[in-house]
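Report on the structure given below.
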Amino acid sequence: MKLPPAPDYVLEIFLQPGEFYWSDAFTRIRTVLGSCVALCVWHPKKNIGGMCHYILAYKQDNAGGELDPRYGSDAIKMIMNEIRRSNTAPDEYHVKMFGGANMFPDVEGRRLDIGAKNILAGEELLREYGFQIKRARIGGTRPHNIIFDLWSGNVWVKRGE
């Protein structure tokens, strides 16, 4: 399969923890993950999509307010808002999931595996909204560096030391 060439102009976005970005084919999104999870969502015909970098699975019940991409439950709603705006459907997208490392294997004598909780929530939320995960590189104990090109849907992953 011949991949489309990179556009002459590429907007480079670096997502910090708790951020979300949606754009078109002229965009490359990067991030670095530990126990956080990134969802890379791409429409292969329209070359649109985005990435979220959520820190925790769910917002507290009483938190209310605007959607907050720090939480997987809100990040998926933000993705759905963009999908509705583009008159597309979740099953038309390629979804790739990354991160969820166990960065704190033994804190004060107890297991604190935030990464596992983030992975489980991401899988449940994607299924609930009608997405299918095409690829995943999740878990482990090392951070992930992610580069996502919206003109091709390619994602590069490098595990940290």
Problem set entry | Considering residues of the range 13-26 that are modelled with pLDDT under 95 and not aliphatic (A, V, I, L, M) only, the residue farthest from Arg85 (Cα to Cα) | Phe26
Exercise. What residue, of Gly153, Gly122, is on the phi > 0 side of the Ramachandran plot and outside any strand (DSSP E or B)?
Worked result: Gly153
For this session: Hey, can you tell me all the residues within the range 1-50 that are of a type in the set (Lys, Arg) and in contact (Cβ under 8 Å) with a residue 24 or more places away in the chain?
Result: Arg28, Arg30, Lys45, Lys46
Problem set entry | Residues of the range 118-140 classified as farther than 20 Å from Gln16 by Cα, out of contact with any strand residue (DSSP E or B) (no Cβ under 6 Å at 6 or more places or on another chain) and not aliphatic (A, V, I, L, M), total | 8
Seminar exercise, completed: How many residues of the range 11-58 are of a type in the set (S, T, N, Q), under 25 Å from Asp91 (Cβ atoms) and surrounded by fewer than 22 Cβ atoms within 10 Å (Cβ to Cβ)? The answer is 2
Exercise. Being modelled with pLDDT under 95, over 25 Å from Ser23 (Cβ atoms) and not polar (S, T, N, Q), is that true of even one residue in the range 142-157?
Worked result: yes
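So in the range 18-60, with the set limited to residues that are within 13 Å of the chain's Cα centre (by Cα) and outside any strand (DSSP E or B), which one is farthest from Lys158 (Cα to Cα)?
Out of the qualifying residues, it is Ala57.
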Problem set entry | Top-ranked residue of the range 82-119 - restricted to ones that are modelled with pLDDT under 95 and not in a loop (DSSP other than H, G, I, E, B), ranked as surrounded by the fewest Cβ atoms within 10 Å (Cβ to Cβ) | Arg110
Exercise. Looking at Glu128, is it under 17 Å from Leu150 (Cα atoms) and either charged (D, E, K, R) or surrounded by fewer than 16 Cβ atoms within 10 Å (Cβ to Cβ) (or both)?
Worked result: no
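The values are calculated or read from the model by the stated rules, or taken from the named source; none is laboratory data. As the structure is a prediction and not an experimental result, all values here were calculated from the model. Note that each Cβ is placed from the backbone with ideal geometry, even for glycine, and that neighbours are counted across all protein chains shown.
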